[in-house]
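Below: one structure, written as structure tokens.
The values are calculated or read from the model by the stated rules, or taken from the named source; none is laboratory data. Fair warning: this is a prediction, and the values are worked out from it, not measured in the lab. Here the Cβ positions follow ideal geometry from the backbone for every residue, glycine too, while neighbour counts run over all protein chains shown. We work out accessible area using only protein heavy atoms, side chains counted, and drop any ligands, DNA or RNA first. Shrake-Rupley method; radii C 1.70, N 1.55, O 1.52, S 1.80 Å.
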Amino acid sequence: MPPLVMGVLNVTPDSFSDGGRYADPHAAVAHGLAMVAAGADVVDVGGESTRPGADPVDEAEERRRVLPVIEALAHQVRVSVDTTKASVAEAAVAVGATLVNDVSASLYGVAAASGAAWVAMHRRGAPATMQLDPRYEDVVHEVRTFLLERADAAVAAGVREVWVDPGIGFGKLAEHNLTLLRHLRALVETGYPVLVGTSRKAFLGAVTGGAGVHDRLDASLATAVYAMAAGAAMVRVHDVAPTVQAARLVAGVEVAG
Ligand code: HH2
């Protein structure tokens, strides 16, 4: 089985790479269906940007943005909801989402109560300040320890499907992101399936010598392949079609004699 591909669907005016493109629900559903046609295994619907410095969104507005889109897509594909708010996660599961993608790593109670799966992502600090001066003694150890503790707590609470995600770009410098990718196996070895999101992120620009946000496809694919070859079970991406090809290639290499 190739690694899974999660397509990003931001129903927001201000996400870092596609903000405003899918703020209208019809445009959002159409883009979600296009990602399904391109081979997405999961569509990740978010109504609040997590980019550094983003403005918070209130609960009612976030629900208004994501629920119609989730409801329309959930018949066609597995849908995750990208949220840090319990009420939004609950409402999303009620209209068909089966995975709570939780960058705050705090909502496993919602997953346990509703039977949904849960992604615990590591981040350091809040979006407004997380990139100011992130420091780690040992980033791999700290991220792994945090995620294991959260994942084990979720299992103990009764969540049946728990994912872990190193949170590339969330309170991390380029060097931290690269170190986490290099040592991704330390997360894979926990036994929890690993999700990785590098798509179009700022460190790709830094490493490639300045590629702008819409000029990072090649670097995004390179990191997705790196992560999948290291054992990531799912990658979260904006560009689904080329990533599906890359995932099939990785799977083909892995079964080759
Ligand atoms: N990255 C973003 C948002 N959600 N969830 C997981 N599990 N892992 C990630 O790496 C991750 C995530 C940021 O990307 P994007 O959704 O494109 O932008 P924004 O947060 O500005 O909407």
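Brief remarks on what is shown
- Any hit, the range 63-82, residues being within 10 Å of the ligand (Cβ to nearest atom) and either under 13 Å from the mean Cα position of the chain (by Cα) or open to solvent by less than 40 Å² (accessible area, probe 1.4 Å) (or both): yes
- Each residue in the range 18-50 was checked for being over 14 Å from the mean Cα position of the chain (by Cα), within 12 Å of the ligand (Cβ to nearest atom) and open to solvent by less than 40 Å² (accessible area, probe 1.4 Å), and 3 pass.
- Extreme residue, surrounded by the most Cβ atoms within 10 Å (Cβ to Cβ), among residues of the range 1-12 that are part of a loop (DSSP other than H, G, I, E, B) and modelled with pLDDT of 90 or more: V11
- Candidates in the range 99-116 are the residues that are within 13 Å of the ligand (Cβ to nearest atom) and touching a Ser or Thr at 6+ places or on another chain (Cβ under 6 Å); of these, the one that is most open to solvent (accessible area, probe 1.4 Å) is S104.
- Selection over the range 143-159 of residues that are open to solvent by 40 Å² or more (accessible area, probe 1.4 Å) and in contact with a His (Cβ under 8 Å, 6 or more places away or on another chain) gives a count of 1.
- All positions within the range 141-177 that are assigned to a helix (DSSP H, G or I), within 16 Å of the ligand (Cβ to nearest atom) and in contact with a strand residue (DSSP E or B) (Cβ under 7 Å, 6 or more places away or on another chain): L147, R150, A151, A154
- Some residue of the range 73-81 being among the small types (G, A, S) and part of a strand (DSSP E or B): yes
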